[in-house]
1. Which one is surrounded by the most Cβ atoms within 10 Å (Cβ to Cβ), of the residues in segment 24-46 that are farther than 30 Å from D107 by Cβ and of a type in the set (F, W, Y)?
2. Is it the case that R111 is among the charged types (D, E, K, R), surrounded by 13 or more Cβ atoms within 10 Å (Cβ to Cβ) and modelled with pLDDT of 85 or more?
3. Scan segment 1-42 for residues that are hydroxyl-bearing (S, T, Y) and assigned to a helix (DSSP H, G or I) and jot them down.
Amino acid sequence: MKITDTAVKRPVFAIVVNLLLLTFGIVAFTMLPLREYPDIETPIVNVSTDYTGASAAVVEAKITQVLENRISGIEGIKSINSSSRNGRSSITIEFNIDRDIDAAANDVRERVSRALDRLPEQVRPPEVSKSSDDENAIAWFVLNSTSMDTLQLSDYAQRYIVPISGRRWGIPCHYRW
């Protein structure tokens, strides 16, 4: 072959070509974009309903089950998670990734509005909201100090921690002090 003959006859030329290829490979590798988490937004819709003064069992039977039964027939649902506690019902619907979040939210609103006549009269109308993975916190910072009070810790976090964490990692952060 021509390449092997050239490499044997001219070893300095072969070494220089190999070093150039290695250098270009390292430069190209350092320029590759790197993301810790893929840019995938899972379509999630939340339905929350308030029924002041009702026990968790009543909320489960009269609100959560009724809404779940109406919502369950929507196309593209991956999972439905619900929780009922005293005075509040919360339903989280996760759709398949290929489902449009706006269309899914509209379908949920339409199904919930059909179920309004089956809910008790004292119930506030259910609130349907879209949820995004970007809204969830990835990092929680808890600040504690023996020399600073709450106001000083808040000022410190706003001046030094928030700009650095948002700029460096590009993640939503929540702070508690």
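1. Our first condition is that a residue be farther than 30 Å from D107 by Cβ; within segment 24-46, this holds for 24-36.
Then keep just the ones that are of a type in the set (F, W, Y); that gives 24, 29.
Values: F24: 10, F29: 8.
Only one residue fits best here, namely F24.
2. Details: among the charged types (D, E, K, R): yes; surrounded by 13 or more Cβ atoms within 10 Å (Cβ to Cβ): yes; modelled with pLDDT of 85 or more: yes.
Criteria met by R111.
3. Taking segment 1-42 and keeping what is hydroxyl-bearing (S, T, Y), we get 4, 6, 23, 30, 37, 42.
The answer is T4, T6, T23, T30.
The rows are residues; the columns are (1) in the same structural domain as R111 (by TED's automatic domain parsing); (2) over 27 Å from I101 (Cβ atoms); (3) in contact with a helix residue (DSSP H, G or I) (Cβ under 6 Å, 6 or more places away or on another chain); (4) surrounded by 10 or more Cβ atoms within 10 Å (Cβ to Cβ).
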{"position": "K2", "(1), (2), (3), (4)": "no, yes, no, no"}
{"position": "R10", "(1), (2), (3), (4)": "no, yes, no, yes"}
{"position": "F13", "(1), (2), (3), (4)": "no, yes, no, yes"}
{"position": "N18", "(1), (2), (3), (4)": "no, yes, no, yes"}
{"position": "L22", "(1), (2), (3), (4)": "no, yes, no, yes"}
{"position": "S48", "(1), (2), (3), (4)": "yes, no, no, yes"}
{"position": "E60", "(1), (2), (3), (4)": "yes, yes, no, yes"}
{"position": "V66", "(1), (2), (3), (4)": "yes, no, yes, yes"}
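The values are calculated or read from the model by the stated rules, or taken from the named source; none is laboratory data. Not measured: the values here are computed from a predicted model. Positions of Cβ are backbone-derived with ideal geometry, glycine not excepted, and every protein chain shown enters the neighbour counts.
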